[in-house]
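Please read the structure below before turning to the comments.
The values are calculated or read from the model by the stated rules, or taken from the named source; none is laboratory data. Keep in mind it's a predicted model, so treat the numbers as computed, not measured. Every residue, glycine among them, receives a Cβ derived from its backbone with ideal geometry; neighbour counts consider all protein chains shown.
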Amino acid sequence: MSSCLSIPQMEAFAFASPAPVRVVVSSQEPPANSAAIDAAWAKLLAANPRYFDGPMLSVLHIDRETSTIHTRRDRFSRLAVQPPLNTGVRICSVTAVLTARDGAGSLHVLLGKRSPQTRIYADMWELGPSGGLSVPPPALSELDQAAIFSHLQDEVSEEVGLHIATGTAWGITRDDIAKSDDIVFICDCGDLLAAREHTSAANWEYTAVQWLAIRDIAAFDAQHAAAIIGPSRALFRALGWMSDVE
C-alpha cells in the first residue's frame, strides 16, 4: 500500500519514482509578522522557554512524480502560532523508520515517546526520530538526498544514540494538525540485540523508547490509538504493517 487516508488529517504516500529525493529552496521571502503573530508568539515563549524563533523551511509544493519538495525560508514562530492563527507555514522535516531483526528474523521497529516539552503531541508515541530540516546557507538553493540523510543521521544520533549508515527514501507523511510534511527514510539497524544495547532516550525530546515487533503493531495501534501520533499511525498502514486497515 502506498498511501493512506484512513487517519483523519493525515496522509502517507510512497514516492512515485526511484529518483533521489531533493528539497528545492525558493528565493521567495515570507511575509512580515503581524502584531497578532508577535503577540501569540510571546505567549508561547513565556509558556515554554525551550522555544526558539530560528529559521526553518516551509513547504510550498510536493512533486510526487520527481520526489521533489519545494520550500522557502521561514521562521519557527510563524509555524508555532498555528492554531489559532493561520500563517500557511508547513515545516519541512525528516522522519526515520528504524528497523532491526531478532535472532529468529522477526522485524522490529523503534518507537519513541515524545517529551512533555515538545511543540505538539506531548507524551505520545511515534516512529522516529524526526526533526525539521536545517536551513541551508543563502548561497544554496537545493538540498540533495545525501544532505537530507546527513541531517537525519544527526537527529538519530542525538535523540536515541544510534548510528545509521544508510537509509532508503520511502516517501512523505503530511500532517495537517502539526503542519508538518516529513520525508521518510527506512533505515535498517541490523541485529536487534545490538541495536537495543545502543538505544536510549538520549536527550530531552524523548522520555522513553521501545523496539516493537511488526507483528504486534496492529494490537499496539488498537490499544493505544489515542497515544500514537497520526503520521505514525498512517505509516503503519501505508507500510502494510496493519492486519486490520480501515
| query | Given the conditions (1) touching a Leu at 6+ places or on another chain (Cβ under 6 Å); (2) crowded, with 16+ Cβ neighbours inside 10 Å; (3) not basic (Lys, Arg), and given that Asp102 satisfies all but one, which numbered condition is not satisfied? | reply | (2)
| Qualifying residues in segment 13-58 (those that are outside any helix (DSSP H, G or I), small (Gly, Ala, Ser) and more than 23 Å from the chain's Cα centre (by Cα)) - the one modelled with the lowest pLDDT | Ala32
| note | Contact list, first residue from segment 156-171 and part of a helix (DSSP H, G or I), second anywhere and charged (D, E, K, R) and surrounded by 13 or more Cβ atoms within 10 Å (Cβ to Cβ), beta-carbon distance below 6 Å, six or more apart or interchain, is Glu159/Glu205
| From the list Phe149, Phe185, which residue is in a helix (DSSP H, G or I), within 13 Å of the chain's Cα centre (by Cα) and within 19 Å of Phe15 (Cβ to Cβ)? | Phe149
| remark: Taking segment 141-174 and the residues there that are of a type in the set (Gly, Ala, Ser) and surrounded by fewer than 21 Cβ atoms within 10 Å (Cβ to Cβ), the one that is farthest from Arg233 (Cα to Cα) would be Ser141
| Given the structure, is Leu79 over 21 Å from Ala201 (Cα atoms) and either assigned to a helix (DSSP H, G or I) or under 13 Å from the mean Cα position of the chain (by Cα) (or both)? | yes
| message | Scan segment 201-220 and tell me whether some residue there is part of a loop (DSSP other than H, G, I, E, B), in contact with a Pro (Cβ under 7 Å, 6 or more places away or on another chain) and within 18 Å of Val94 (Cα to Cα). | response | no
| field | Tally of residues being more than 19 Å from Ala16 (Cα to Cα) and in contact (Cβ under 8 Å) with a residue 12 or more places away in the chain across segment 42-59 | value | 11
| field | Residues (over 19 Å from His151 (Cα atoms), surrounded by 15 or more Cβ atoms within 10 Å (Cβ to Cβ) and either at pLDDT below 90 or of a type outside the set (A, V, I, L, M) (or both)) located in segment 67-96 | value | Ser77, Arg78, Gln82, Thr87
